[in-house]
Structure formats: C-alpha cells, structure tokens
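The block underneath contains the structure these notes are about, expressed in structure tokens.
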Amino acid sequence: MEFSRTIRVVVLIFGAGLCAVAQNDAPSQGTTPPATRQETTTGPVPAFGQNDTPILNPDNPPISGLDQPTLEMRGATRSFISPGLQVSESADTNTGNQLGASQLKSATRVLGALDLQKFWPKSDLFLEYLGGGVFFSRGKDSVRQLHALAGMFVTRWRTGQITFRDSFSDLPDGSFSVGAYGGAPGLGLARGGVAAGIPGGGLPGFGGGQFGSIGETPRITNLAVADIVQGISPRSAVTVAGGYSTAHFLDDNPKLINSQQFTIETGYSHLLNRRDQLAVVYAFQEFVFPLAAGGKIDVNVVNLRYGRTITGRLNFLVGAGPQYVSIYSPDPNGGISERRWSMSARARLVYKFPKTSLAASYEKYTSSGSGFFAGADTQVARVSVNRPLGRTWEFFGDVGYSYHTRLQSLLFLGTAGANYSDGFAGVALRKQIGRNYGIFAASRFSNLAFDNSFCGNGSACSRISQRYIGTVGVDWHPRPIRIE
C-alpha cells in the first residue's frame with residue numbers, strides 16, 4: 001500500500017512536469033518579446049574545445065550533483081559586504097509547540113544579518129551570519145537567542161569544480177521560516193537558501209533536516225558538505241559528494257534523540273541535448289544514534305534520474321530507485337537486527353510563468369527521525385508560489401506535508417508512536433519602501449500529529465500540536481558596500 005501511494009505521488013508530479021514541458025515545446029504565441037524566449041546563456045567557455053552547450057553549463061548542471069539550476073536572474077558579480085536588520089511582532093497561539101496546548105503570547109523578534117560576497121577569476125566565496133533574539137510577553141524563558149552561520153567556497157578549473165559548504169544553527173525550537181515570520185534579513189544562505197549554496201540536489205534527504213518540534217527544545221545543528229563535478233566529455237560528467245550532519249537537542253524534557261548522519265554519493269550524468277539529461281546515482285548513508293536509542297542504521301541507495309531544463313522557464317527532475325536498509329541492534333555485542341528493501345524517490349518541478357513562479361517537490365527517503373525516532377522512513381511534499389503584485393508588492397505562499405514512520409521499536413529515548421505527520425500552510429505579503437526599507441505581513445498554520453499508539457494501552461492523551469502565527473514587521477537593507 002505504501003509503495004503504491006509513493007508511485008501515485010511521483011506519477012502525479014511527473015505528469016505535471018510533462019504538461020509544462022509540452023507547453024514549452026509548443027510554438028510561441030502572441031507578442032512575447034524575443035528576450036523572454038532566449039535560452040542561450042553566457043556561461044563558462046565549453047570544455048574540451050567544443051562549441052556545443054557543455055554539461056558544465058551552470059544553467060543546466062549535472063543532475064547527479066548537488067547544484068540545481070535557478071530560474072531567477074543571475075546574481076551580482078561584484079564583491080561586497082551587505083548588512084541587514086529586521087524587527088517584527090508576532091501573535092502566537094502555541095509558542096512552545098506543546099501537545100494539546102493553546103496559550104496566546106506575543107513575541108518581538110530582532111534579527112540582524114551580515115553577508116560577504118567575494119569573487120576571484122576562478123573562485124567564489126559566500127559567507128553569512130544571521131542572529132538576534134526573541135522576546136516573549138511572558139513565560140519562564142522570555143528571551144531566547146537565535147544564531148545561524150553558513151558559508152560556501154567554490155573553485156573551478158577548465159573541466160570541473162569543487163565546492164565546500166557549511167551551515168551551522170543554534171535555534172530555540174526549530175528553524176527560520178519564511179512563511180511564519182516573513183523571512184529574515186540577508187541573502188538567505190544561513191536559512192538554507194538553495195540558490196545561495198545549501199545543497200538542493202543530490203540524494204533525497206542529503207542534508208538531513210528537522211520536521212516538527214515538541215516543547216521549547218533548543219537544538220544545535222550543523223551540515224558540512226564537499227562535492228566535486230568533473231566533466232569527462234562535452235556531454236558527460238561524474239560527480240562525487242560527501243556530507244556530515246549532526247543534530248543535538250539541549251533539553252531533557254522531552255528527551256529527544258541526538259543523531260549524526262554520514263553520506264557519500266557518486267553519480268554519472270549524460271546530456272542528451274541542450275535540455276534533457278539522464279543520470280544514475282549511488283549513495284551510502286550511515287545514521288548514528290546514542291547506544292540506548294538504537295545504535296545505527298546503514299542505507300545503500302541507487303537512483304535513476306531524468307531532468308529537463310529550459311533556461312529561465314522550466315526545471316523538472318524525476319528519479320527513483322531501491323534502497324537497502326540495515327538496522328543494527330543497540331546491543332554492543334549484537335549485529336544487524338533487521339534488513340529491509342524500500343524505495344527512495346524525488347520529483348521536482350519549478351516553472352516560471354510571465355509573472356508567477358511555481359515550485360512543487362516530493363521526496364521519499366530514510367531520515368534520522370528529527371529527534372522523535374531513531375531513524376524514520378520519511379515522505380515530504382511541498383508546493384510554493386511567488387508573484388509580484390505591482391511594482392513594489394510581492395506575494396509568497398507555500399503549503400507542505402511530511403509523514404514519518406518509525407524504523408526501530410525501541411522507546412528508551414525519543415517519543416512513543418509508530419508514525420507522525422507535520423503539515424503547514426503559510427502566506428506572506430511584502431512591500432518595498434524606497435531603496436532601503438520594506439514592510440511585510442505573514443500568517444502561518446502548523447499541525448504536528450502522532451498516531452494513536454503514541455498514547456499507549458488504548459488510553460486517551462494529547463498527541464496533536466497546532467500553532468497559528470501572525471506577524472507584521474519592517475526590515476532595513478542598505479546599499480551593499482563594495483570591497484574591490
């Protein structure tokens with residue numbers, strides 16, 4: 001049953017992608033300016049002395065790697081330092097994400113950002129620090145700190161490149177959220193912005209990630225990644241990537257499960273034509289937990305992929321394959337306690353209409369369990385839309401849902417229950433005021449729910465956390481300071 005549900009979701013997104021592809025293949029109609037139909041770019045000089053569009057073109061990178069194309073205009077190519085500041089006021093119905101609780105509080109957030117963007121002839125460096133505090137109207141912890149730091153360094157040669165990325169965060173109960181708080185100052189690198197360097201491609205779930213939160217549980221997370229892309233012909237490339245992520249929960253109530261995730265993957269991509277690619281990816285993952293929580297889980301994954309990119313308009317990818325999961329007993333003298341076959345899958349569609357950008361994605365993979373479980377089978381779906389409303393207004397909306405099934409039955413740490421779901425919906429409206437200021441309003445709803453076995457012995461208990469957040473705020477982003 002679970003396998004058939006997964007197939008249906010992937011086929012649905014695949015069908016939507018084919019419809020978009022068919023629309024883009026049709027002859028242009030009306031009076032669309034030629035500039036909007038232009039598909040050639042000013043990317044790097046083709047490798048190996050060829051004049052054909054190479055697979056190392058940044059507008060259509062290898063789909064077996066971590067980078068993914070963007071439909072936005074190219075970023076600035078000048079080195080600069082950019083500060084930013086944001087102040088917002090929120091009304092929150094459940095600031096602690098407590099199960100079955102509801103208590104209205106107000107919260108004031110003050111966030112600052114400092115970005116560095118530096119370019120050399122063959123290398124780029126991006127750094128961002130994002131930090132500040134949250135001031136609640138009442139409660140035992142009325143002041144909390146938020147910190148996030150991320151960086152990316154890439155260096156290129158004629159037929160390839162290597163990229164180093166790192167993202168660190170120290171947060172009170174989750175992650176920064178555009179839908180909840182109207183975004184944050186800065187370029188987005190520290191908040192996991194894909195275009196800014198945090199991996200958006202590669203294996204489903206490559207960078208870990210946390211879904212849901214119970215109680216006021218601060219956590220420290222870190223993701224470090226290195227990946228290499230090497231062209232072996234004008235149409236083919238091999239990719240290698242390795243990553244390490246960790247999640248450490250600081251409070252004992254509830255006692256969530258710390259985890260470490262190691263990932264290494266390699267892939268081969270072949271460019272069929274200037275728009276279409278095929279790829280195969282193999283990866284090995286290891287999830288390590290405290291001994292009492294479940295020992296470790298090893299996963300071997302193979303994915304076959306197809307991708308289609310039309311520069312500035314369409315990015316479509318679909319991939320699936322088997323994964324072999326080995327669950328090790330927490331007993332130091334024990335070995336593999338369970339083996340199982342399952343499926344991993346990824347489908348992604350990003351489409352840019354004349355004024356609206358639409359993104360839809362679905363992933364199925366093995367995850368660390370977000371502190372609730374010592375490993376989980378995870379499915380995540382999300383749809384977002386972005387649209388300018390006039391010259392200075394912009395609308396953003398997104399909706400997402402994730403479902404997580406426990407892989408181990410041990411209950412020494414973490415939470416009870418066989419599965420849980422985490423869903424959300426949010427909207428944000430922003431207006432630019434002059435060159436340096438902006439105002440915004442945002443609203444978000446989230447729902448975290450455990451299954452009936454969470455209560456145990458058929459008894460009734462609180463197993464659902466719902467949260468409504470409304471926010472208004474202002475941000476300041478002065479002109480970047482050039483450093484060359």
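The values are calculated or read from the model by the stated rules, or taken from the named source; none is laboratory data. Given the structure is predicted, the values throughout are model-derived calculations rather than measurements. With ideal geometry, Cβ positions are generated from the backbone for all residues, glycine too; neighbour counts draw on all protein chains shown.
Every residue, every condition in (1) free of Cβ contacts under 8 Å to residues at least 40 places away in the same chain; (2) aliphatic (A, V, I, L, M); (3) surrounded by fewer than 22 Cβ atoms within 10 Å (Cβ to Cβ), yes or no:
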site	(1), (2), (3)
Gly369	no, no, no
Ala374	no, yes, no
Gln379	no, no, no
Val385	yes, yes, yes
Thr392	no, no, yes
Ala416	no, yes, yes
Val427	no, yes, yes
Lys431	yes, no, yes
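State whether the residues of the stretch 343-352 include one that is buried (at least 19 other Cβ atoms within 10 Å of the Cβ), more than 21 Å from Phe289 (Cβ to Cβ) and more than 20 Å from the chain's Cα centre (by Cα). Scanning the stretch 343-352 turns up no residue that is buried (at least 19 other Cβ atoms within 10 Å of the Cβ), more than 21 Å from Phe289 (Cβ to Cβ) and more than 20 Å from the chain's Cα centre (by Cα). With respect to Thr415, is the statement that it is in contact with a Phe, Trp or Tyr (Cβ under 6 Å, 6 or more places away or on another chain), at pLDDT 90 or above and of a type in the set (Val, Ile, Thr) true? Spelling it out, it is not the case that Thr415 is in contact with a Phe, Trp or Tyr (Cβ under 6 Å, 6 or more places away or on another chain), at pLDDT 90 or above and of a type in the set (Val, Ile, Thr).
If you check Thr163 against the conditions, is it over 24 Å from Gly312 (Cα atoms), modelled with pLDDT of 85 or more and outside any loop (DSSP other than H, G, I, E, B)? Judged against the criteria, Thr163 is not a match. The residues on offer are Gly100, Gly96, Gly112, Gly132, and the sole one that is buried (at least 16 other Cβ atoms within 10 Å of the Cβ), small (Gly, Ala, Ser) and in contact with a Lys or Arg (Cβ under 8 Å, 6 or more places away or on another chain) is Gly132. Remark: Ala279 matches the filter, which requires a residue to be modelled with pLDDT of 90 or more and touching a strand residue (DSSP E or B) at 6+ places or on another chain (Cβ under 8 Å). Take the conditions (1) aromatic (Phe, Trp, Tyr); (2) under 26 Å from Val280 (Cβ atoms); (3) modelled with pLDDT under 90; Tyr324 misses just one of them, which is (3). Cβ separations smaller than 6 Å between residues 6+ apart or across chains give no pair from the stretch 349-360 residues that are without any contact (Cβ under 8 Å) to a residue 12 or more places away in the chain to residues that are in a strand (DSSP E or B) and of a type outside the set (Ser, Thr, Tyr).
Looking across Gly112, Gly160, Gly96, one residue alone is farther than 30 Å from Thr217 by Cβ and either of a type in the set (A, V, I, L, M) or touching a residue at least 40 places away in the same chain (Cβ under 8 Å) (or both). It is Gly160. Take the residues in the stretch 327-352 that are among the hydroxyl-bearing types (Ser, Thr, Tyr) and part of a strand (DSSP E or B); name whichever of them is modelled with the lowest pLDDT. Among residues in the stretch 327-352 that are among the hydroxyl-bearing types (Ser, Thr, Tyr) and part of a strand (DSSP E or B), the one modelled with the lowest pLDDT is Ser337.
If we keep just the residues of the stretch 353-402 that are among the polar types (S, T, N, Q) and in a loop (DSSP other than H, G, I, E, B), which is modelled with the lowest pLDDT? Only one residue tops the list, namely Ser368.
Within the stretch 296-321, being hydroxyl-bearing (Ser, Thr, Tyr) and either assigned to a strand (DSSP E or B) or modelled with pLDDT of 95 or more (or both) holds for Tyr306, Thr309. Just to be sure I understand the filter: pairs with C-beta atoms under 9 Å, separated by 6 or more residues or on different chains, first member in the stretch 322-337 and of a type in the set (Phe, Trp, Tyr) and surrounded by 12 or more Cβ atoms within 10 Å (Cβ to Cβ), second member modelled with pLDDT under 65 and part of a loop (DSSP other than H, G, I, E, B). Which pairs pass? Close Cβ pairs satisfying both conditions: Tyr328/Gly334; Tyr328/Gly335. Taking the stretch 434-484 as the range and being assigned to a strand (DSSP E or B) and closer than 21 Å to Tyr403 by Cα as the test, the residues that pass are Arg444, Phe445, Ser446, Asn447, Leu448, Ala449, Phe450, Ile464, Ser465, Gln466, Arg467, Tyr468.
Given the structure, is Ala241 buried (at least 20 other Cβ atoms within 10 Å of the Cβ), over 27 Å from Pro83 (Cα atoms) and at pLDDT 75 or above? Considered against the rule, which asks whether it is buried (at least 20 other Cβ atoms within 10 Å of the Cβ), over 27 Å from Pro83 (Cα atoms) and at pLDDT 75 or above, Ala241 comes out as yes.
In the stretch 441-484, the residue that is nearest to Pro185 (Cα to Cα) out of those that are among the basic types (Lys, Arg) and surrounded by fewer than 17 Cβ atoms within 10 Å (Cβ to Cβ) is Arg479.
Out of curiosity, is Leu203 at pLDDT below 90, under 30 Å from Thr95 (Cβ atoms) and assigned to a loop (DSSP other than H, G, I, E, B)? For Leu203, the condition - at pLDDT below 90, under 30 Å from Thr95 (Cβ atoms) and assigned to a loop (DSSP other than H, G, I, E, B) - is not met. Taking (1) hydrophobic (A, V, I, L, M, F, W, C); (2) touching a residue at least 40 places away in the same chain (Cβ under 8 Å); (3) over 24 Å from Val288 (Cβ atoms) in turn, Leu407 satisfies each apart from (3). Every listed requirement among (1) modelled with pLDDT of 85 or more; (2) surrounded by 16 or more Cβ atoms within 10 Å (Cβ to Cβ) is met by Leu410 save one, (1). Do we have Gly438 as surrounded by 19 or more Cβ atoms within 10 Å (Cβ to Cβ), more than 14 Å from Gly375 (Cβ to Cβ), in contact (Cβ under 8 Å) with a residue 12 or more places away in the chain and over 22 Å from the mean Cα position of the chain (by Cα) here? Yes; evaluated as a whole, the condition is true for this residue.
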